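The values are calculated or read from the model by the stated rules, or taken from the named source; none is laboratory data. Just so it is clear, the structure is predicted and the values come from calculations on it, not from any experiment. For neighbour counting, all protein chains shown are included, and Cβ atoms are generated from backbone atoms with ideal geometry for every residue, glycine included. What goes into the accessible areas is simple: the full protein's heavy atoms, side chains included, and nothing from ligands, DNA or RNA. Shrake-Rupley method; radii C 1.70, N 1.55, O 1.52, S 1.80 Å.
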Amino acid sequence: MTLPQTDALSIAHVLTEALPYIQRYRGKTLVVKYGGNAMVDDYLESSFARDIVLMKLVGMNPVVVHGGGPQITDLLKRIGKESTFVDGMRVTDTETMDVVEMVLGGQVNKWIVNCINRHGGKAVGLTGKDGDLIRARKMVFTRDNPALKAPEIIDIGHVGDVASIDTSVIDMLIKGNFIPVIAPIGVGEDGQSYNINADVVACKLAKVMQAEKIILITNTAGVLDKQGKLLTGLSARDVDALIADGTISGGMLPKIRGALEAVQAGVRTAHIIDGRVEHAVLLEIFTDQGVGTLIYGRRG
């Protein structure tokens, strides 16, 4: 069956538009944080996996970091344990940490690996504990307590931050033509496991690896102005101004701050894209328009 000429020309245009981006990013590392709707919708899951496989096939080095909050909450409910949050962070006692490791390091990680492999990739699953990849430190959380007239320290359990990253195991996998898929679990000096925010891990990893890009997949179109309009291209100075005037707030703040830190440390660009859009990763990387917000720290 022959394609109508208009359809054929449209396909040719897409391919030629993608060509310079393929040439530019060949051999470059791109860190992709995978989460949100793209993880719980079967069609979007397959779309994401095909995007990652195609990136690898054309010579890029994608590294995937994933979340799994909804899956953790679901399993905790099934075992009769309610989730408790303090300012958006899950209180993680020892029993909850066991569930986090089971879900992130087992169920979710292997499910993503399997999905990428079913679409022709060669993915390998890791947690931050493998190869001493992510060293963690316990997160200290404080909030004002007028009654004490001093900040109150709140113990939220096995919730951590990134102390250091050793990319040796990732470098080895990339050289072997594999796609690393990383669950954001780190280990502290005391040998304890810590649950770390996936956005934080992805941005820190991009910084350490001096990646070409950090791509954060979310459930929003990107960074929006106060009228709800998508802001497509922002400098580091623009982002600082948007935080200062309250345009960027709430759950977007940790993503933005992590992305900003990455680009200021040498990652060329950060992208916040809508995981509800089919093939969002490819559209952001390979087209002139893109589908989200691009944050840049330097040009050239």
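How high is the relative contact order of region 182-300, in percent, with contacts defined as C-alpha pairs under 8 Å that are six or more residues apart? Before the final figure, lay out each step's value.
On the way: 193 pairs, mean separation 37.5, N = 119.
Rounded, it is 32 percent for region 182-300.
Can you match log10 I(q)/I(0) by the Debye sum over Cα atoms at q = 0.09, 0.16 Å⁻¹ to one of these, [x] -0.45, -1.39; [y] -0.44, -1.56; [z] -0.68, -1.16, based on a calculation from the structure here?
After the calculation, the listed value that fits is [x].
Looking at LEU253, VAL201, THR220, which one has the Cα that reaches farthest to the positive end of the dipole of region 197-272 (charges on Cβ: Lys, Arg +1; Asp, Glu -1)?
VAL201
Using a 10 Å Cβ count of at most 13 others and DSSP loop calls, identify the longest part of the chain lacking such GluC sites (Glu not before Pro).
Values: sites that count: GLU82, GLU189.
After excluding every exposed loop site, the longest remaining stretch is 190-300.
Taking a probe of 1.4 angstrom, what is the accessible area of LYS138 in Å², to the nearest 10?
The value for LYS138 is about 90 Å².
Roughly how many debye, to the nearest 20, is the charge dipole of the chain about its Cα centre, given +1 on each Lys and Arg Cβ, -1 on each Asp and Glu Cβ, and no other charges?
Working: 32 positive and 34 negative charges, 142 e Å.
Charge dipole of the chain: 680 debye, to the nearest 20.
Defining a contact as two alpha carbons under 8 Å apart and six or more residues distant in sequence, what relative contact order in percent does the chain show? Display every interim value, and only then the final one.
On the way: 575 pairs, mean separation 64.4, N = 300.
Worked out over the chain, it gives 21 percent.
Please give the per residue accessible area of the chain, computed with a probe of 1.4 Å over protein heavy atoms only, in Å². Spell out each step's value before the answer.
Working: 14510 Å² over 300 residues.
Counting only protein heavy atoms, the per-residue value for the chain is 48 Å².
Of the residues MET172, MET60, MET39, which exhibits the maximal mean-square fluctuation in a Gaussian network model of the chain defined by a 10 Å Cα contact cut-off?
MET172
Can you give me the Cα centroid spacing of region 150-174 and region 83-123 in angstrom?
Here the answer is 15 Å between Cα centres.
What dipole magnitude, in Debye to the nearest 20, does region 175-300 give about its Cα centre under +1 on Lys/Arg Cβ and -1 on Asp/Glu Cβ? Please report the intermediate quantities before stating the final value.
Values: 13 positive and 13 negative charges, 53 e Å.
Here region 175-300 has a charge dipole of around 260 debye.
Would you mind telling me the share, in percent, of accessible area of the chain contributed by carbon and sulfur at probe 1.4 angstrom?
On the way: 7710 of 14510 Å².
Whole-percent figure for carbon plus sulfur exposure: 53.
What's the magnitude of the charge dipole for region 89-135 around its Cα centre, counting Lys and Arg as +1 and Asp and Glu as -1 at the beta-carbon? Answer in Debye, nearest 20.
Roughly 360 debye, rounded to the nearest 20.
Would you list, by chain and number, the lysines whose Cα falls below 29 Å from the Cα of LYS56, excluding same-chain residues fewer than 8 positions away?
LYS28, LYS33, LYS110, LYS122, LYS129, LYS175, LYS204, LYS207, LYS213, LYS255
Please turn the phi angles of region 62-77 into ³J(HN,Hα) values with the Karplus equation 6.51 cos²θ - 1.76 cosθ + 1.60 (θ = phi - 60°), one per residue in order, whole Hz, x for glycine and proline.
Calculated HN-Hα couplings, in order: x, 10, 9, 10, 10, x, x, x, x, 5, 5, 4, 4, 5, 4, 4 Hz.
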